[in-house]
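> For reference, the structure I am asking about is given below.
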Amino acid sequence: MPLASSLLLKLTISLNHFAQVLSTLTSYDSTDVHIVQQQDRQIILIGTAHVSQKSVDLVQQVIEEERPDCVCVELDDKRYESLSKKQRWQSLDIKQIIKNKQLATLMINLTLASYQKKLGDQLGVTPGSELLEATRYAEKFNIPIALCDRDVRVTLRRAWKKTSFFKKGYLLTSLFASLFDTTELSEEKLSELKESDALSELLAEMGEALPEIKQVLIDERDTYLSEKIKEAHGKKIVAVVGAGHVAGLKKALLEDRSAQMTEINSIPPVSPTWKIVGWLIPALILGSIAYIGFNKGGQAAGDNALYWVLANGIPSSIGALIGLAHPATIITAFIAAPITSLTPVIGAGYVCAFIQAMMRPPLVREFENAMADMATLRGWWHNNLLKVFLAFLLPGIGSMIGTWVGGYEIISNLV
């Protein structure tokens, strides 16, 4: 399996809890169950694959036979709500998401979910079925449930902030390439991937190529999950977790890592250096235009200012046009790009996405079909939710190109 494909698969497995573990139990005909003895408590770890019927059956079997005091699942509140409530899209306000600058997070979540859905469609299992089944079986036997995973938004934002600029590009490219991946994954192949050696190999590859991502997606969540599992009440705990975490959990459960919880559950602030750079670029552009005006006259300053407007506005509006955005969005791209390029507070992409969402708001069915539509080029240009994403991405890329072109020209004219 090529490195990029392996890392992509591991990334999806990690963010969506796609997993397996070796067994020390003899009472189950499975290699997916582990026991961790913590003083007078027994913690039963069940390794699951989100797109495997065998995992669903195993979760049912263990909970029914063990009748634990608590069932812990590798879900946070948001993911549990998305799995358990089929009408969740009706309450989702896309304009508020854009205002809160969470559009990129939503897009990445949907991309990962789309990739996993393809795997689930191949195997005939809805992604996340075993996690939802764990909560259902716990409720069936009146067993308390504990949602033990870190908020996925915190995980994604920590991973993004800790990834270098160039690796961000590699990560995004691999992520979107997965949408059009036609690789078939059978239950047999899934079983191979679940073997400990294959899993260790994938983790090693990920650690070498993207160490920052592995730290956030695997190591930090090992700590978070272990501390939350420890907080569960009772002497016998069943925890449904992913294979990428089991080795780390077996160690973390026997250690006290509570002091790390505050740090790993926070979003790192923007570096002061980047804040300075963010304001330094617009200051340099505006200062250069003023300097040109002082030395070469108002006409020269006006020509450079016009060049800046055109260099930003044209490629940004072309991006909106390529995305088949609403005419108002295309005009907004031309107007907004030269202005937003001079401030790090907001980008042209968010402005254009907001206008697109206002002019052509996505329907509930388009939210529901987004994961399937993402897998085809045609779907991106026919689903209004995905067209909001295009209105966010393409004008933003155009504006970035314009900033470099316009900035280079203006600074060149200083001489």
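The values are calculated or read from the model by the stated rules, or taken from the named source; none is laboratory data. For clarity, every value in this text was computed on a predicted model and none was experimentally measured. Here the Cβ positions follow ideal geometry from the backbone for every residue, glycine too, while neighbour counts run over all protein chains shown.
> In this structure, does F354 turn out to be aromatic (F, W, Y), touching a residue at least 40 places away in the same chain (Cβ under 8 Å) and in the same structural domain as D303 (by TED's automatic domain parsing)?
In short, yes.
> Evaluate the following for T273: is it at pLDDT 95 or above and either surrounded by fewer than 18 Cβ atoms within 10 Å (Cβ to Cβ) or under 26 Å from A391 (Cβ atoms) (or both)?
Numbers: at pLDDT 95 or above: no; either surrounded by fewer than 18 Cβ atoms within 10 Å (Cβ to Cβ) or under 26 Å from A391 (Cβ atoms) (or both): yes.
So T273 does not fit the description; no.
> With the condition being modelled with pLDDT under 90, over 25 Å from N312 (Cα atoms) and of a type outside the set (F, W, Y), I'd like the helices (runs of 4 or more DSSP H) fully within the range 328-415 carrying at least 2 qualifying residues.
In the range 328-415, the matching helices (runs of 4 or more DSSP H) lie at 364-368, 370-373, 377-380.
> Does Y137 count as crowded, with 17+ Cβ neighbours inside 10 Å, among the aromatic types (F, W, Y) and modelled with pLDDT of 85 or more?
Yes.
> Kindly indicate whether R378 is basic (K, R), closer than 13 Å to G323 by Cα and surrounded by fewer than 20 Cβ atoms within 10 Å (Cβ to Cβ).
yes
> Additional query: Would a scan of the range 257-274 turn up a residue that is under 30 Å from L414 (Cα atoms), among the hydrophobic types (A, V, I, L, M, F, W, C) and more than 26 Å from the chain's Cα centre (by Cα)?
no
> While we're here: Condition (residue is in a loop (DSSP other than H, G, I, E, B) and modelled with pLDDT of 65 or more) applied to the range 160-176: is it met by at least one residue?
Yes, some residue in the range 160-176 is in a loop (DSSP other than H, G, I, E, B) and modelled with pLDDT of 65 or more.
> Would you check which residues across the range 226-235 are closer than 20 Å to L132 by Cα and surrounded by fewer than 24 Cβ atoms within 10 Å (Cβ to Cβ) and list them?
Within the range 226-235, K228, A232 qualify.
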